[in-house]
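Every number here is computed from the coordinates shown, using simple stated rules; none is lab data. What you see is a predicted model; the values in this text were computed from it and never measured. Heads up, the Cβs are rebuilt from the backbone with ideal geometry, glycines too, and the neighbour counts pull from every protein chain shown.
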Amino acid sequence: MVDRFEPAANVWAAPEFSQQIIVAEGLVLCSGDQFIHEVDLLLAEAVVSSHYLGELGGRSCGVRVLSRQLDVRGHDWRNLRSLLTSTEEHLFALAGRALQVAYWDRDHRFCGRCGTATHYHSIDRARSCSNCQLTVYPRISPCVIMLVTRGEECLLARHANRRNITYTALAGFIEPGESAELALKREVREEVGLEVGRMQYIGSQPWPFPGQLMLGYLAEWQGGELCPDPNEIEEAKWFHYRSLPEIPPVQTLSGQLIYTFSEQVATGVWP
Ligand SMILES: [Zn+2]
């Protein structure tokens, strides 16, 4: 049975929760693939802060941030990415939420405007400055991820500076003042020198590396010759939907875009 997660309506409602996710230095404490622990796993000596996240399967759940990676018998410290394919989507999102809350708390102890120490906001998940009233919420960075398509082909790229060699969709950050659609057109132009026309929004996914929200689109090629920017792209190629290379797993939005495209072409929905 899937334990449903209900995000906390009041983030300060349960300072003592009954299930915990334990993080330290960007890693998550796991026992096998399991990372939600009962609170009898006590590591109090190293706890820097605790944050209530919400109700998981009807029981309160929070994150405890440790100052360092303690050795815990039968457990190991794993990076979040390694949980992506071994964890159900809603639990992976919960682990991402835990780490993002931990990062926000760690990174905003002092006001970025005037340097005064900040305190917790009385209602919201936020840290406020009592000197200048600046309030800082966990930061989410919106990105677009787009699969450029041309008839029955789609454009996949291998990115420069990445260890893995999987082909994936193009992606980039949305800049201040841009809509998602304008960012998409700009990124495609910058990364591979192509122009795109019609777009279809497919869905979104939180991508906690460290705090992106990915907005996923199919985008139809409209013109231009493939000319990858060597600083960003190692290689970019058109692939027919029936002869794709190794692609990202379906747990990722990139994988979902490719599967959706293949399905839509096969059934005549797109382009
Ligand atoms: Zn301030």
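Details
- The listed residue being more than 20 Å from Ser204 (Cα to Cα), charged (D, E, K, R), more than 16 Å from the ligand (Cβ to nearest atom) and in a loop (DSSP other than H, G, I, E, B), out of Arg106, Arg113, Arg139, Arg125: Arg125
- Where Thr118 falls short, out of the listed (1) of a type in the set (S, T, N, Q); (2) surrounded by 14 or more Cβ atoms within 10 Å (Cβ to Cβ); (3) without any contact (Cβ under 8 Å) to a residue 24 or more places away in the chain; (4) away from the ligand (no atom under 16 Å from the Cβ): (4)
- Options Ala171, Ala183; residue that is small (Gly, Ala, Ser), surrounded by 18 or more Cβ atoms within 10 Å (Cβ to Cβ) and outside any strand (DSSP E or B): Ala183
- Answer from Ile145, Ile140 - the residue that is closer than 23 Å to Thr260 by Cα, among the β-branched types (Val, Ile, Thr), touching a strand residue (DSSP E or B) at 6+ places or on another chain (Cβ under 6 Å) and touching a residue at least 24 places away in the same chain (Cβ under 8 Å): Ile145
- If you go through the stretch 42-64 and pick out every residue that is more than 22 Å from the chain's Cα centre (by Cα) and closer than 20 Å to Asn79 by Cα, you end up with 5.
- Check on Glu225, farther than 19 Å from Leu84 by Cβ and part of a loop (DSSP other than H, G, I, E, B): yes
- Selected residue [surrounded by fewer than 17 Cβ atoms within 10 Å (Cβ to Cβ), touching a Lys or Arg at 6+ places or on another chain (Cβ under 9 Å) and under 21 Å from Pro210 (Cα atoms)] from Arg68, Arg81, Arg109, Arg127: Arg109
- Residue check for Asp124: of a type outside the set (Lys, Arg) and closer than 20 Å to Glu6 by Cβ: yes
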